[in-house]
């Protein structure tokens, strides 16, 4: 019984840490640099051609995503970082949009663990599909 209590306390403590750990904009609201298109175990980078107004449209699409808030920046500044939390545990994923001449760079990445099982890639590609559908 004592072991079960300790395990439950550890799980509860971990859950609270994941949900309450501060998100430091200095660490997460950063340019990805020379990006291209890459997939990682816990991250994704997409560089996509941009039309006028795409940054603002993509910002609206992302803000409409459940459990997503702005961490830092704004479309007018040319860079915005968002935090999207998983439904069950509230794991934070960070996504940064950066406007560059003729393109938008999107960098989605996890904070905890070493693999997101493709969640960031699926989320980013879903946003880009919605953006493309709105252009027609």
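Details
- For the chain, the longest principal axis of the C-alpha atoms and the axis of helix 2-20 are separated by about 20°.
- Residue list for the stretch 47-80, given a label point 7 angstrom along the Cα-to-Cβ vector of residue 111 and an amide N cut-off under 15 Å: 67-72
- Between 0 and 90°, nearest 10: helix 119-135 axis offset from the chain longest Cα axis: 30 degrees
- Neighbour-count ranking [beta-carbon atoms within 10 angstrom, fewest first] of 88, 8, 58, 71: 88, 8, 71, 58
- Only helical runs count toward this figure. For the chain, summing -39,500 (n - 2.57) over DSSP H runs of n ≥ 4 and dividing by all residues gives -11500 deg cm²/dmol at 222 nm.
- On the beta carbon distance between residue 125 and residue 76, with R0 = 30 Å, the FRET formula returns roughly 0.75.
- Overall Cα dimensions of the chain - principal axes, largest extent first, Å: 62, 27, 26
- The angle between the Cα long axis of helix 54-63 and the longest principal axis of the Cα atoms of the chain comes to about 20 degrees, rounded to the nearest 10.
- For the chain, built as a Gaussian network whose Cα springs stay under 10 Å, the top-fluctuating residue of 90, 13, 78: 13
- When only Cα pairs below 8 angstrom with a gap of at least 6 residues are kept, the chain shows a relative contact order of 26 percent.
No lab work stands behind these numbers, since they all come straight from the coordinates. For clarity, every value in this text was computed on a predicted model and none was experimentally measured. We place every Cβ from the backbone using ideal geometry, glycine too, and count neighbours over all the protein chains shown.
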